[in-house]
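The values are calculated or read from the model by the stated rules, or taken from the named source; none is laboratory data. No experiment lies behind these values; they were computed from the predicted model shown. Because the Cβ atoms are built from the backbone with ideal geometry, glycine has one as well, and the counts that use them run over all protein chains shown. Ligands, DNA and RNA are excluded from the accessible area calculation, which covers all protein heavy atoms including side chains. Shrake-Rupley method; radii C 1.70, N 1.55, O 1.52, S 1.80 Å.
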Amino acid sequence: MGAAMETKSRASSTAPDPTQSKPLLGRVAVVTGGSRGIGASIARELAASGATVVVNYVRGAEAAAGVVAQIEAAGGRASTEAGDVSKADDVEAMFGRVKENHGRLDVLVNNAGILRDKTFKKMSITDWHEVIETNLTSVMYCCHSAVPMLLENGWGRIINISSFVGQLGNFGQTNYSAAKAGILGFTKSLAIELARFNITVNAVCPGFVETEMWKSVPPNVQEKILERIPMHRVAKPEEIARGVRFFAVEGDYMTGQSLNINGGIYMGW
Ligand code: NDP
């Protein structure tokens, strides 16, 4: 039996049983931007729950291979897939390969993202487009390719990584906050459309998280940010990954929601 058939025969359209140690066994998950930071943690978390994880990246081939090696060393299954999620053709080709190699898709985590922070006065048209295309349009492209595969299973989970900045706004981030707020509107509308097919669509809104993105913030700005966070610390990537696992494994009756994992920096709803 080929790998694709083997995976297909082990999972059904019924929801995973969260009491099992590997509730996602037999399911396939794609994590965009899985080579570093939050995405790498999400990939490890879903693999630890039994999923076969496809770790997407655009530049970081070595880092992505490192994440796969960590997952395999822990007894899990994973592979890498290169693809620029801001390019429709790349995305279509990547999901085509997922279908060919695994025969199915069950969980899509839209995590890839970039920053091009500038005050609006200094922001170029290119800064705007790069962020909107990589952080928002990519979510549409990935869902466009993934939804037909999720429909085939009669079960699916889409989890979009937004940000508290999409809820609150932030200085120097008009492009980023527009993309992240856009994700929240997209999430709710797609959730309404797909609910009857047993596919949920949810978002996770992290606060500041200790990744390369956070390290790129100047130390004096970091200090000011820490003062603003009621918990006075940034999140560990694993704390965000556990929220993603929750939607994938336990959130059966939750759709169109956003889960705020932010140390209290934004408490609105
Ligand atoms: P990192 O900068 O650490 O990692 C970004 C990831 O996205 C990398 O894997 C990178 O791949 C990938 N990526 C970037 N552009 C593309 C592209 N065009 N196609 C495919 N993959 C791409 O980011 P974080 O882990 O910090 O952030 C992950 C997500 O969480 C983002 O959506 C971010 O906006 C969000 N977030 C982060 C917060 C934080 O404080 N860190 C706070 C709130 C939300 P490669 O290695 O190949 O470059």
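Each residue was assigned an accessible area with a 1.4 Å probe, and for Glu130 the value is about 70 Å².
In this structure the chain gives 47 Å² per residue of accessible area when probed at 1.4 Å with all protein chains present. Counted by Cβ distance under 15 Å from Val249, the other residues give a net charge of +1, where Lys and Arg count +1 and Asp and Glu count -1. From the largest down, segment 113-199 spans 47, 23, 15 angstrom on the principal axes of its Cα atoms. The portion of the accessible surface of the chain made up by carbon and sulfur, rounded to a whole percent, is 56 (1.4 Å probe; DNA, RNA and ligands excluded).
Rolling a 1.4 Å probe over the protein chains gives Glu238 an accessible area of about 80 Å².
The mean of 1/r over all pairs of different alpha-carbon atoms in the chain, once inverted, gives a Kirkwood hydrodynamic radius of 18.5 Å.
Taking Cα atoms only, the orientation of helix 37-48 departs from the longest principal axis of the chain by about 20 degrees. Spin-label pair Asn101-Asp252: with each label point 7 Å from Cα along the Cα-Cβ axis, the two points sit 3.2 nm from one another.
Here each label is just a point 7 Å from Cα along the line to Cβ, and for Ala15 and Ala88 those points are 3.5 nm apart. Descending by average beta-carbon neighbour count within 10 Å, the peptides 211-217, 140-146 line up as 140-146, 211-217, the highest first. Charged neighbours of Met94, selected by a Cβ distance under 12 Å, balance to -3 (K, R count +1; D, E count -1).
Listed by chain and number, the lysines whose alpha-carbon sits under 18 Å from that of Lys180, ignoring those within fewer than 8 places in the same chain, are Lys118, Lys188. Segment Lys188..Lys118, full-extension length gain: 22.3 nm, with 0.36 nm per residue of separation and the alpha-carbon distance subtracted. Each residue, Trp214 and Glu62, gets one label point 7 Å from its Cα in the Cβ direction; the gap between the two is 2.5 nm.
Distance between the C-alpha centres of segment 67-84 and segment 194-242: 23 Å, rounded to the whole angstrom.
Over all other residues within a Cβ to Cβ distance under 11 Å of Arg59, the charged ones net out to -1, with Lys and Arg as +1 and Asp and Glu as -1.
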